[in-house]
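Q: Below you will find the structure I want to go over with you.
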Amino acid sequence: MVSPLTSAEQTELLSELHRWTYDPERRALFRELALRNFSEAFALMTRIAMEAEKADHHPEWSNVYNRISIWLTTHDAGDVSERDARMARIIDALAGDQPATV
Ligand code: H2B
């Protein structure tokens, strides 16, 4: 059983992960990415998918052409946990300095 982050921990996490926001409806970390085109977006999704599989922690996401929307939440915890924080850091490292959706 994984514990959700406390609200203080969540606030601290969001100040560290400045590309992510909290989506209260989905109780999830949320980030949007805009790549140059569909191929680059899907290639990044593939790299993220490989890491997600290794970590046994999977994104909820959608893709429209060059854009990817990603939500991270921990079902067992019913909210954001340290597992989502870890996955968000991995995604940031793979995505590099992609700007938010333009
Ligand atoms: N991914 C995410 N994002 N949250 C989870 O709670 C989760 C997961 N649980 N991937 C994992 C798989 C669980 O279902 C398996 C059985 O370990």
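Q: Since residue 32 meets every condition but one in (1) under 11 Å from the mean Cα position of the chain (by Cα); (2) without any contact (Cβ under 8 Å) to a residue 60 or more places away in the chain, which condition does it not meet?
A: (2)
Q: Could I ask something else about it? With respect to residue 12, is the statement that it is assigned to a helix (DSSP H, G or I), acidic (Asp, Glu) and either away from the ligand (no atom under 16 Å from the Cβ) or farther than 14 Å from residue 87 by Cα (or both) true?
A: So residue 12 fits the description; yes.
Q: Also: Of the residues 25, 53, only one is within 15 Å of the ligand (Cβ to nearest atom) and of a type outside the set (A, V, I, L, M); which? Please lay out each step first, then the result.
A: On the way: 25 fails: within 15 Å of the ligand (Cβ to nearest atom).
Step by step, each of 25, 53 is checked, and only 53 is within 15 Å of the ligand (Cβ to nearest atom) and of a type outside the set (A, V, I, L, M).
Q: Let me ask something else about it. Before we move on, is residue 62 crowded, with 17+ Cβ neighbours inside 10 Å, at pLDDT 95 or above and either near the ligand (Cβ under 10 Å from one of its atoms) or under 12 Å from the mean Cα position of the chain (by Cα) (or both)?
A: On the way: crowded, with 17+ Cβ neighbours inside 10 Å: no; at pLDDT 95 or above: yes; either near the ligand (Cβ under 10 Å from one of its atoms) or under 12 Å from the mean Cα position of the chain (by Cα) (or both): yes.
When the stated conditions are applied, residue 62 does not pass them.
Q: Which residues, taken from segment 65-85, are loosely packed, with under 13 Cβ neighbours inside 10 Å and in contact with a helix residue (DSSP H, G or I) (Cβ under 7 Å, 6 or more places away or on another chain)? Write out each step before concluding.
A: Quick first cut of segment 65-85, residues loosely packed, with under 13 Cβ neighbours inside 10 Å only: 65, 75-76, 78.
Of everything in segment 65-85, just one residue is loosely packed, with under 13 Cβ neighbours inside 10 Å and in contact with a helix residue (DSSP H, G or I) (Cβ under 7 Å, 6 or more places away or on another chain), namely 65.
Q: Starting from residues that are part of a strand (DSSP E or B) and either among the basic types (Lys, Arg) or within 10 Å of the ligand (Cβ to nearest atom) (or both), keep the ones in segment 71-98 and report whichever is farthest from residue 19 (Cα to Cα). Don't jump to the end; show me each part of the working.
A: Residues of segment 71-98 part of a strand (DSSP E or B): 71-72, 74, 79.
Next, only the ones that are either among the basic types (Lys, Arg) or within 10 Å of the ligand (Cβ to nearest atom) (or both) stay: 71-72, 74.
Working: 71: 12, 72: 13, 74: 19 Å.
Among residues in segment 71-98 that are part of a strand (DSSP E or B) and either among the basic types (Lys, Arg) or within 10 Å of the ligand (Cβ to nearest atom) (or both), the one farthest from residue 19 (Cα to Cα) is 74.
Q: Now, a different point. Tell me, please, whether a residue that is of a type in the set (Val, Ile, Thr), part of a strand (DSSP E or B), over 15 Å from residue 96 (Cβ atoms) and in contact with a Lys or Arg (Cβ under 8 Å, 6 or more places away or on another chain) can be found in segment 49-64. Step through it out loud before you land on a result.
A: Residues of segment 49-64 that are of a type in the set (Val, Ile, Thr), as a first pass: 64.
From what's left, part of a strand (DSSP E or B): 64.
Now narrow it down to the ones that are over 15 Å from residue 96 (Cβ atoms): 64.
From what is left, the residues that are in contact with a Lys or Arg (Cβ under 8 Å, 6 or more places away or on another chain) are none.
No, there is no match, as no residue in segment 49-64 is of a type in the set (Val, Ile, Thr), part of a strand (DSSP E or B), over 15 Å from residue 96 (Cβ atoms) and in contact with a Lys or Arg (Cβ under 8 Å, 6 or more places away or on another chain).
The values are calculated or read from the model by the stated rules, or taken from the named source; none is laboratory data. Small disclaimer: the values here were computed from a predicted structure and weren't measured. In this analysis, Cβ positions are derived from the backbone assuming ideal geometry, glycine residues included, and neighbour counts consider all displayed protein chains.
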